1. What cysteines in the chain have no other cysteine with a beta carbon less than 4.7 Å from their beta carbon?
2. Evaluate the charge dipole of the chain about its Cα centre and quote only its size in Debye, nearest 20, assuming +1 on the Cβ of each Lys and Arg and -1 on the Cβ of each Asp and Glu.
3. Please turn the phi angles of the range 100-116 into ³J(HN,Hα) values with the Karplus equation 6.51 cos²θ - 1.76 cosθ + 1.60 (θ = phi - 60°), one per residue in order, whole Hz, x for glycine and proline.
4. If you fit an axis through the alpha-carbon atoms of helix 296-308 and take the longest principal axis of the Cα set of the chain, what angle between them do you get, 0 to 90°, nearest 10?
5. Over the Cα atoms of the range 360-465, Rg to Rh with Kirkwood Rh, two decimal places?
6. Using a Förster distance of 45 angstrom, determine the FRET efficiency expected from the C-beta separation of Ile49 and Glu440, and round it to 0.05.
7. Expressed as a whole percentage, what fraction of the accessible surface of the chain belongs to carbon and sulfur atoms when a 1.4 Å probe is rolled over the protein heavy atoms?
8. Report, as a whole number in µm² per second, the diffusion coefficient that Stokes-Einstein gives for the chain at 25 °C and 0.890 mPa s using the Kirkwood radius over alpha carbon pairs.
Amino acid sequence: MSAPQPNRIPVIEVDLNATKKRIHPRFITGFYQNIRVISMYAFLALFLILPWLRYNGRQAIWFDVPSQHYYIFGMTFLTQDFYFIAAFALIAAFTLFMVTVYAGRVWCGYACPQTIWTHMFQYVEKLVIGDRNKRIKFDKQPMSANKAFKRFLVYFIWFIFSMITATTFVSYVSGTDTIYQSWQMIGFIPFPDWSTWIWVAVFIFAFSTYVNAGYMREQMCIQICPYGRFQSVMFDKDTLVVSYDYDRGEPRGARKKGTHPDNLGDCIECQMCVQVCPTGIDIRDGLQVACIQCAACVDACNEIMDKVGYPRGLIRYTTERQLAEKEATRVLSPRLFAYLTLLAVLCGGVIYALADRVPLEIDIRRDRNQLSSTNAQGMIENSYVVKLTNKTQEAHTYKITLAAQDGLSLQLRFNDVPLDPGESFDMSVSIQGDPAVITEVQTPVTLNVVSEDGKYKVSKQNIFTTQGQ
Ligand code: SF4
Ligand code: SF4
């Protein structure tokens, strides 16, 4: 263990050798652990349930990559709506930055998938093998039938969890029907009848889950995840972090129950804070990059303080300003207003864009082979391909018209274009121009599309040309 640090934040070095040993954290309960468990299982339930929700008879959240249609409840997005995804990603990123500046790594401790899955996999080990001491002893035991069976059972349950995770993940893209209904009987065993890409995707996600949560665990947070590193540079004196109260705890040392020797601080050197830590660090060394701010050490130390009759909070959520400088934390800062303003602008922009969005799209492409031609009646003709996309969740029939203009008329193969929800249709149309009226080389033309109920209307401009005659 390195020498204790005074109450200063941050201490961000990582002792990579010290973090390489297998960690068997002790499971505890407590105020923060209860919040953490509720939060983790809520996120897990959300992940598992969301693909099963239905809206208007279709999977409510479905990123149908092969057809490039992305459904989120009543809204259909196409690849060209990618700016919405970018805006959502920006909002999520800035929210995370703002939360990190004030509440530290709450995402890591309470909601990160790596934390949640690692917790679940460790819980399986606890159920099958036992708590921390039993697991450490179990690791050192020579191989036996009992050990082999328990190991197999742990690996098997991990495998089932990994498969559920992978199939759920892939079902957001392929659809739950494809994943859970395409099965065939091989003999009397049901077997998935999936396409190659689904097999590959399920294998990759199942393998990643198994390795990350079963073996990589805290190494992922300490050595690979870039987010943990750059969060450390976002901390300031007013960031809420889990800290050990060095002034109160030191000098640490064991003592007789019910006593408090004058030459010792409040830390009784029980090591409980280290034993419960999922990343295996000692918070008394100071804030470290490896700390995911799960507050397990807070709950553990509070329990010990209750037992020895000392006040709670030797390890607690606090800020450097409070802990080291004995001043009140400053929440209102120019940085907070900058983040709030940015978020308000981004959220306002997205809400406005969503409210203003017409769920009907028209795209017009000119016939590249021939700019214009003259037909048997002596009219100049321009050909186009009009692509209509119904981005609503209901079927509609659309009518295409040409904005009234002297000397121009629209020729269509169909007057009405019926489209199912999310369906696109390419249609060849031509515009005919009377050469006696249309004398300009280029004339702007506008096509209007309207749904049968008049609810959705869009227009698009293109050019009518007499070039190529
Ligand atoms: S749990 Fe509290 S008392 Fe025990 S070693 Fe950690 S800081 Fe000291
Ligand atoms: S030091 Fe405490 S808060 Fe940080 S990861 Fe370990 S147990 Fe969680």
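The values are calculated or read from the model by the stated rules, or taken from the named source; none is laboratory data. Keep in mind that what you see is a predicted model, and the values were worked out from it rather than measured. Heads up, the Cβs are rebuilt from the backbone with ideal geometry, glycines too, and the neighbour counts pull from every protein chain shown. All accessible areas refer to the heavy atoms of the entire protein, side chains included, with ligands and DNA or RNA removed. Shrake-Rupley method; radii C 1.70, N 1.55, O 1.52, S 1.80 Å.
1. For the chain, the answer is Cys108, Cys112, Cys221, Cys225, Cys267, Cys270, Cys277, Cys291, Cys294, Cys301, Cys347, because their Cβ atoms have no other cysteine Cβ under 4.7 Å.
2. On the way: 45 positive and 41 negative charges, 477 e Å.
Charge dipole, the chain, about its Cα centre: 2300 debye, nearest 20.
3. Result, ordered by residue: 5, 4, 9, 10, x, 8, 5, 4, 4, x, 10, 9, 5, x, 4, 5, 5 Hz.
4. The angle comes out at about 30 degrees.
5. Using Cα coordinates only, the ratio equals 1.00.
6. Numbers: r = 60 Å, r/R0 = 1.33.
Approximately 0.15, to the nearest 0.05.
7. Heavy-atom surface of the chain belonging to carbon and sulfur, 1.4 Å probe: 63 percent.
8. Numbers: Rh = 27.7 Å.
Rounded to a whole number, D works out at 89 µm²/s.
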